[in-house]
Amino acid sequence: MSTSERTREHLLEVYRRKAKHYDLISQLSPVPGYPQHAQRLRAIRALGLRAGDLVVDLACGTGLNFPLLEQAIGPDGRIVGVDLTDAMLARARSRVAAGGWGNVGLVQADAADYVFPDGVDVILSTYALTQVPECGRVVAQGAAALSRGRRWVVLDLKLPDATPGWVSRFGIAAVGTSASLDEWIDRRPWETIRSAMQDSLSDASWTELCFGTAFLAVGSGRGDVRVQDARHPRKVPRGLDVDASMGWNDDVIDTFRTSKGTENYWGPKLIVLHSIGAKSGEIHLNPVVGFRTDGGWRVVASKGGAPENPAWYHNLRVNPTFEIEALVDGDVVTVHVTATEITGDEWRDAYDAIAAEEPQFGDYLEKTDRRIPVFQLTPVAG
Ligand SMILES: C[S@@+](CC[C@H](N)C(=O)[O-])C[C@H]1O[C@@H](n2cnc3c(N)ncnc32)[C@H](O)[C@@H]1O
C-alpha cells in the first residue's frame, strides 16, 4: 500500500468515527475558542458569490458551509458537495433535508480523482485540502475547470513558520486534530497548495490567519482551458435584491434577524427594505446590501446584473419614504428612511466606491447595459 493509500484509509477511519459529533467537535477545533466560524465566513466572502452560481464544496464534510453558500447563491444556484467519507456525507444529507434545499448534490469521491464540472463558478475547500496528499494536483484540476475570473478559495490549517517540529507535533497531538500528523508535518501541504495556486490561477493571494496557524488562499480562473458543460446550463443570475423567491428571502431575513448579522452571507451589511408596492401599496421585504455612509445607507438596484431593474426600484421611485431593518450598535432596528436616487456625475463616484468595497457589484455593471441605479437612504423622523 502506498503512503497516499495509507493516508486515505486512515482518514476514512477517522472521519467515520468523528462524523456523528463532527459539528460539535469542530467548534472546539483545533483548540476551544479558535475563530473557526469567522475564518469560514471570510473564506466564503472571498468566493465573490453571485446568485445562480454553481459551487463545488470540496471535502465538504457534514456541509457546515452550505447554509452560508445557500444564502448567497439562492434557489437558482447549485452546490455540489464532494467528500471521501460516507458517514460525513450522510450528515450532510440530513443537513440538506433539514434546510429544505433542493439544489444540493452530494458526491462520494476522492478529491484526487474528482472531475470538476466544466465552467464551475466557484470552488471552496475548508479545513480539508491539506489532508489530501495530491492537493497540488487537485488545485490544478479545479483551476482548469473554473470559469474565467471566478474564484478558487482554500482555507485550512498550517504550521506557523517559526515553529520547531517537536513543538508542532506536541501541540497538535495534544488537541488530537490531524489524522496522519507526522506525514502532514513533513509534507508541508500548505506550501504545495500555495505554489499550485500561483501556477494555475490569476491574482493568487495568500493570507496567514491567527498567528500563522491557518491560511486563506484565493485565486481566479484563467478560463482558458475548458468550455461550458451542457450538464450545468447557465441560469439567468438573480441578485440578492430580487423578489423572485420569497422562501429564500424569508430564510435570509430570518437568519439576519436571529443571528444579528453574524450568520448571514453579507453579515452586518445586510439591510431589509420594507418597500411599498408601486401599484399595490403592499409592503414587500427585500434583503439587500446596505453600504454605510455618514448620512445613512446606499443600496444598489443591481438584480445581479440582470437587464431590468428589480421590482423594488419602482417601489422606491413611487413611494420613497418607507422603513428598513438594519443593524445599529449590534441590534436589528427599524429605521424610517427616505430614498433619493443618485444621478449625474455623482452616480459614477458612488458606484466606484461601492465596487471598491464589494467587487462583485463591479461585475454586475459589466453584465448589463443598464446604468445600475444607486439610492441614498437617509433616516427621517418616523
Ligand atoms: C476537517 S473535515 C472538513 C469538512 C468541511 N470542509 C468543514 O469545513 O467542516 C475534513 C474532510 O475532508 C474529507 N477528506 C479527507 N480526505 C479527502 C479526500 N482525499 N477526498 C475527499 N474528501 C476528503 C474528510 O472525509 C472530511 O469530511
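Rule-based calculations on the coordinates, nothing more; no lab input. The structure presented is a predicted model; accordingly, all values stated were derived computationally and were not measured. Here the Cβ positions follow ideal geometry from the backbone for every residue, glycine too, while neighbour counts run over all protein chains shown.
So the values come out like this:
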read-out: Options 336, 350, 281, ranked by Cα towards positive dipole end of the chain, top entry (Cβ charges); value: 281
read-out: Student exercise, the range 3-220 dipole from Lys, Arg, Asp, Glu Cβ charges, in Debye to nearest 20; value: 480 debye
read-out: Long-range lysine pairs (8 or more apart or interchain), the chain, Cα under 15 Å; value: 4
read-out: Overall dimensions of the chain as given by Cα atoms, namely Rg and Dmax in Å; value: 22.0, 73
read-out: Rounded to 5, the percent of DSSP beta bridges in the chain classed as antiparallel; value: 70 percent
read-out: Relative contact order [Cα under 8 Å, 6+ residues apart], the chain, whole percent; value: 14 percent
read-out: Stretch gain in nm, segment residue 348-residue 222, where the contour uses 0.36 nm per residue and the Cα spacing is subtracted; value: 42.5 nm
read-out: Residue-averaged [θ]222 nm for the chain, counting only DSSP H segments that reach four residues, each worth -39500 (n - 2.57); value: -11000 deg cm²/dmol
read-out: Extreme residue, positive dipole direction of the chain, given options 103, 11, 47 (C-beta unit charges); value: 11
read-out: Computed lengthening from residue 370 to residue 182, 0.36 nm per intervening residue step minus Cα-Cα distance; value: 62.1 nm
read-out: Size of charge dipole - the range 246-379 - debye, nearest 20, with Cβ of Lys, Arg +1 and Asp, Glu -1, no other charges; value: 280 debye
read-out: Using alpha-carbon coordinates, inclination of helix 165-175 to the longest axis of the chain, degrees; value: 70 degrees
read-out: Gain in span if fully extended, residue 279 to residue 1, counting 0.36 nm per residue against the direct Cα distance; value: 93.1 nm
read-out: The range 246-379 shape via C-alpha gyration tensor axes, a/c threshold 1.5; value: rounded
read-out: Burial ranking of peptide ranges 113-120, 126-133, 29-36, 88-95 (average Cβ count within 10 Å, highest at the top); value: 126-133, 88-95, 113-120, 29-36
read-out: Most mobile of 200, 125, 302 in a GNM of the chain (Cα contacts under 10 Å); value: 200
